[in-house]
Amino acid sequence: MPPFRFPVASSLVATFRCLAVLVLVVVVAVLFQGPSFAQEPQTDNQPRRVVVRFLTEGDFPPFNYLDDDGVLGGFNVDLARALCNEIGAACDIRVRPWDELLVALKRGEADAVIAGHTVLPDSLRQVAFTDRYFYTPGRFAAKTEAEKVDIAPEALDGRTIAVARGTPHEAFLKTFFRDSRIQIFETSELARDALLQGKVDYVFDDGIGLSFWINGTLSRRCCELRGGPYFEPRFFGDGLAIAVPQSDPQIKALLNTALNKVRASGRFDELVSRYFPHRVF
């Protein structure tokens, strides 16, 4: 008998036995722990929010306002709720005075501010902003029976234009309509009233406010929008956006994704039609 044959055979047998034991262990693991292999991949790294804390202001209709019963409503408020629904989080929406909104956000007292802030360089030094969700153009209005002319600097040469003092609309007129007679009033309401009374040829103001005024009772159906709209970011900002902390890129990403979903679903257009039934743009 050749030497070493038996030891070699014993070694092979031992090896096969070890392999058999390993196979048995794997089979048992699959039988008793199999469901775990079908579980979804871990999503701990994905952003999650149980609640999103919004701040807004209560006196900027139709964007955000308190009704006669003190109930908060408006376009911004309903949009915030729609965003929370897409995120799958509860919505905590509270009211603060305008001057306190960004201060409270920087203090960590809220996750976001949705109150009609325009994206301007001064604001960008304090907070970050989501994608734009609305634009507020400048618009001209004139008496309905007034001669219809193309709204351009040369066409309005010598015409009287009312505008509110200290507004971006005043700065816009002084830049592009320098040859017009720019008449400055202390408030937008006074500027619009001057048009109603025939004291000026045009008024230049916020397009949304003008649209509601024209279609409301205060205008007595005197006037209509003319020309425009004017969206120059230098004067009117780069649209409305939701303010978020610079230190929290996660909430910005969440809200941007939710905004896209709200637009894609048609929900955004529904809200615009509800709160802005008249032509703005």
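I'm trying to understand the selection: among the residues of the stretch 234-250, which are of a type in the set (Phe, Trp, Tyr) and buried (at least 20 other Cβ atoms within 10 Å of the Cβ)? Selection gives Phe236 alone. Among the conditions (1) in contact with an Asp or Glu (Cβ under 9 Å, 6 or more places away or on another chain); (2) at positive phi, Gly198 misses just one, which is (1). If the condition is being over 14 Å from the mean Cα position of the chain (by Cα) and in contact (Cβ under 8 Å) with a residue 24 or more places away in the chain, then the stretch 60-80 contributes Phe60, Pro62, Leu66. Residues that are within 19 Å of Gln126 (Cα to Cα) and more than 9 Å from the chain's Cα centre (by Cα) within the stretch 240-259 comprise Val244, Pro245, Gln246, Ser247, Asp248, Pro249, Gln250, Ile251, Lys252, Ala253, listed in sequence order. The listed residues are Phe231, Phe177, and the only one of them that is of a type outside the set (D, E, K, R) and either buried (at least 17 other Cβ atoms within 10 Å of the Cβ) or more than 16 Å from Tyr135 (Cα to Cα) (or both) turns out to be Phe177. Within the set Ala264, Ala253, Ala191, the sole residue that is surrounded by 17 or more Cβ atoms within 10 Å (Cβ to Cβ), at pLDDT 95 or above and not aromatic (Phe, Trp, Tyr) turns out to be Ala191. Residues of the stretch 61-113 that are among the polar types (S, T, N, Q), closer than 17 Å to Leu259 by Cα and surrounded by 19 or more Cβ atoms within 10 Å (Cβ to Cβ): Asn76 alone. For the stretch 114-128, residues that are surrounded by 14 or more Cβ atoms within 10 Å (Cβ to Cβ) and either over 21 Å from Gly73 (Cβ atoms) or of a type in the set (Phe, Trp, Tyr) (or both) total 6. For the stretch 147-158, state whether one or more residues are in contact with a His (Cβ under 6 Å, 6 or more places away or on another chain), at pLDDT 95 or above, among the aliphatic types (A, V, I, L, M) and more than 27 Å from Val50 (Cβ to Cβ). No: zero hits. When the helices (runs of 4 or more DSSP H) confined to the stretch 206-281 are screened for residues that are aliphatic (A, V, I, L, M), closer than 30 Å to Glu147 by Cβ and touching a residue at least 24 places away in the same chain (Cβ under 8 Å), those reaching at least 3 such residues are found at 207-214. Go through the stretch 267-281 and report how many residues are under 13 Å from the mean Cα position of the chain (by Cα) and either at pLDDT below 95 or in the same structural domain as Pro229 (by TED's automatic domain parsing) (or both). The total comes to 1. Among the residues here, Leu259 qualifies as at pLDDT 95 or above and within 29 Å of Glu109 (Cα to Cα). Annotation note: of Leu83, Leu105, the sole residue that is assigned by TED's automatic domain parsing to the domain that holds Ala258, farther than 30 Å from Arg221 by Cα and under 14 Å from the mean Cα position of the chain (by Cα) is Leu83. Exactly one residue out of Ala155, Ala142, Ala164 is closer than 22 Å to Cys222 by Cβ, surrounded by fewer than 18 Cβ atoms within 10 Å (Cβ to Cβ), in the same structural domain as Gly228 (by TED's automatic domain parsing) and of a type in the set (Gly, Ala, Ser): that is Ala155.
The values are calculated or read from the model by the stated rules, or taken from the named source; none is laboratory data. Quantities reported herein were computed from a predicted structural model and do not represent experimental measurements. Because the Cβ atoms are built from the backbone with ideal geometry, glycine has one as well, and the counts that use them run over all protein chains shown.
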